[in-house]
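> Could you have a look at this structure, given as structure tokens, before my questions?
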Amino acid sequence: MRSRPRQSQTKLIASAAVLAVVLFGLLLALAISATSLSTSGAVDSASYSEKLDLALTGADAAIGERLIAETDCASCHLIGEGRTAPLFDGLASVAGGRRSSLNAEQYLYEAIVFPGAHLVDGYANAMPNNYGQRFSLVDIGHMIAYLLTLTHDGVEA
């Protein structure tokens, strides 16, 4: 009669082992997909160019200024302080040099749509990462047009 409890114990151990392998596979798949999601779209400047051609056609800096104000971007990108996020002050002058592989428009597109793709030294990845879904490509174009007007001391270009 001892074989019956031993068979149950063996089945239980085998079931636990199968469950452990399945869970490990799911965790591995999740880790791989999370890595690809965090960098997806944030590598190819050519794909940025295609999107920017559409986004910047007819882009209006005044509309971009309104959208940025409504989104309250200045609460983190405060002109003058810059403790939480990189400053808007002078952004038009430095955007083209932040990433050697991207021009100013491409860099700003990436910073809005994929904010974690490149972090300015000294800052954490704190910007919301849903602006690519929250705003249309046209709205993002308006925002980029506005950001490109910002030179030092809040003086617009």
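> What does the accessible area per residue of segment 80-157 come to in Å², with a 1.4 Å probe and no ligands, DNA or RNA counted?
Ligands and nucleic acids excluded, the result is 50 Å² per residue.
> Would you please give the residues with an amide H less than 5 Å from that of LEU150, counting only those at least 5 places away or on a separate chain, with H modeled from the backbone geometry?
Placed amide hydrogens put ALA92, ALA157 under 5 Å from LEU150.
> A further question follows. Give the shape of segment 86-157 as rounded, prolate or oblate, defined through the alpha-carbon gyration tensor: a ≥ b ≥ c are the square roots of its eigenvalues, a/c under 1.5 means rounded, and otherwise the shape is prolate if a/b is larger than b/c and oblate if not.
In terms of gyration-tensor shape, oblate.
> While we're on this one: Using 0.36 nm per residue of separation minus the Cα-Cα distance, give me the extension gain between HIS152 and ARG134 in nm, one decimal.
3.6 nm
The values are calculated or read from the model by the stated rules, or taken from the named source; none is laboratory data. Nothing here was measured: the structure is a model prediction, and the numbers come from that model. All accessible areas refer to the heavy atoms of the entire protein, side chains included, with ligands and DNA or RNA removed. Shrake-Rupley method; radii C 1.70, N 1.55, O 1.52, S 1.80 Å.
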